[in-house]
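Participant: Could you have a look at this structure, given as structure tokens, before my questions?
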């Protein structure tokens with residue numbers, strides 16, 4: 001039986017991974033949160049892995065605030081790079097296979113064709129650089145690993161209210177005109193599509209880098225327009241602007257579309273196109289929020305963000 005430890009199991013992606021693992025009777029799922037195992041604490045990592053003896057780790061915990069990483073690069077480096085190195089060190093020692101979640105932001109964005117897995121990375125912000133260091137530590141220390149790069153992630157787990165979809169819906173409650181960047185292009189991806197793909201990769205014996213995203217590409221402007229159309233907010237006007245007119249601490253890649261050719265070649269099935277998954281998101285959101293409203297009030301399970 002596989003024993004799969006999930007870091008960040010109460011996060012947006014980690015909680016979805018746990019749901020998928022729970023459906024497989026051939027897998028014993030081991031959830032870990034920052035309260036159980038802080039990946040930056042070498043002693044904690046050693047203790048948890050020694051006690052639970054996982055056969056696999058799906059490492060979803062990360063510092064994902066792109067702009068905050070520019071202001072606090074040491075914290076981003078400690079979590080994304082050094083924390084990942086800690087896990088990889090003990091994975092090597094205990095012969096544990098790792099799946100590591102990485103990002104489209106390892107690329108510069110200076111191009112117009114989808115980025116292949118073997119394209120040399122060239123990140124332009126701190127977040128991308130720290131995630132790339134995590135990749136490099138894993139590749140140096142391990143033989144049995146899969147780096148899974150994904151992009152523009154949205155889902156209903158963890159503190160989902162901070163994802164792009166929910167941010168747009170929240171802003172639209174007080175504004176009817178929004179300006180969104182139209183010169184940054186990527187592939188929106190949904191946790192309920194990505195999580196089953198990660199679990200399927202547990203059985204794959206071909207190692208290295210995979211790009212796993214929903215099909216299709218768009219700009220943030222296009223994405224926002226579709227969000228308001230699907231949610232029925234037809235009174236919201238979205239205006240396109242260029243990145244030069246949008247002030248942010250971190251630079252973003254202009255074109256971060258990932259080629260998923262290597263993953264597609266495995267025959268596990270392509271992820272759906274992002275517009276159809278966006279519609280599924282809203283259907284799942286209704287069920288999710290209805291279930292949440294029936295729960296007894298108490299401390300929020302998402303009160304503390306995973307590192």
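The values are calculated or read from the model by the stated rules, or taken from the named source; none is laboratory data. Everything quoted here is computed from the prediction, not taken from an experiment. Ideal geometry is used to build each Cβ from the backbone, glycine not excepted, and the neighbour counts take in all protein chains shown.
Participant: Please count how many residues of the range 114-157 are over 12 Å from the mean Cα position of the chain (by Cα), in contact (Cβ under 8 Å) with a residue 40 or more places away in the chain, in a loop (DSSP other than H, G, I, E, B) and within 21 Å of residue 184 (Cα to Cα).
Facilitator: 5
Every residue, every condition in (1) modelled with pLDDT of 95 or more; (2) assigned to a helix (DSSP H, G or I); (3) closer than 27 Å to residue 124 by Cα, yes or no:
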{"residue": "228", "(1), (2), (3)": "yes, yes, no"}
{"residue": "233", "(1), (2), (3)": "no, no, no"}
{"residue": "239", "(1), (2), (3)": "yes, no, yes"}
{"residue": "263", "(1), (2), (3)": "yes, yes, yes"}
{"residue": "266", "(1), (2), (3)": "yes, no, no"}
{"residue": "269", "(1), (2), (3)": "no, no, no"}
{"residue": "275", "(1), (2), (3)": "yes, yes, no"}
{"residue": "278", "(1), (2), (3)": "yes, yes, no"}
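Participant: Filter the range 41-74 down to residues that are outside any helix (DSSP H, G or I), surrounded by 20 or more Cβ atoms within 10 Å (Cβ to Cβ) and more than 19 Å from the chain's Cα centre (by Cα), then give me how many there are.
Facilitator: Step one: of the range 41-74, the residues outside any helix (DSSP H, G or I) are 41, 53-65, 72.
Keeping just the survivors that are surrounded by 20 or more Cβ atoms within 10 Å (Cβ to Cβ) gives 54, 56-64.
Checking which are more than 19 Å from the chain's Cα centre (by Cα) leaves us with 54.
So the answer is 1.
Participant: So, in the range 135-159, exactly how many residues are out of contact with any strand residue (DSSP E or B) (no Cβ under 8 Å at 6 or more places or on another chain) and within 14 Å of residue 60 (Cβ to Cβ)? Outline the logic, then answer.
Facilitator: Residues of the range 135-159 out of contact with any strand residue (DSSP E or B) (no Cβ under 8 Å at 6 or more places or on another chain): 136-137, 140-141, 143, 156-159.
After this cut, where a residue has to be within 14 Å of residue 60 (Cβ to Cβ) as well, the list is 157-159.
Number of matching residues: 3.
Participant: For the range 21-32, what are the residues that are in contact (Cβ under 8 Å) with a residue 24 or more places away in the chain and surrounded by fewer than 20 Cβ atoms within 10 Å (Cβ to Cβ)? Steps first, please.
Facilitator: Within the range 21-32, the subset in contact (Cβ under 8 Å) with a residue 24 or more places away in the chain is 21, 24, 26-32.
Within the range 21-32, 24, 26, 27, 28, 31 qualify.
Participant: Then there is this: Going by the structure shown, is residue 212 surrounded by 14 or more Cβ atoms within 10 Å (Cβ to Cβ), over 29 Å from residue 124 (Cβ atoms) and at pLDDT 95 or above? Walk me through how you get there before you give the answer.
Facilitator: Details: surrounded by 14 or more Cβ atoms within 10 Å (Cβ to Cβ): yes; over 29 Å from residue 124 (Cβ atoms): no; at pLDDT 95 or above: yes.
No, not satisfied.
Participant: When you scan the range 1-40, how many residues do you find that are more than 19 Å from residue 81 (Cα to Cα) and part of a helix (DSSP H, G or I)?
Facilitator: 8
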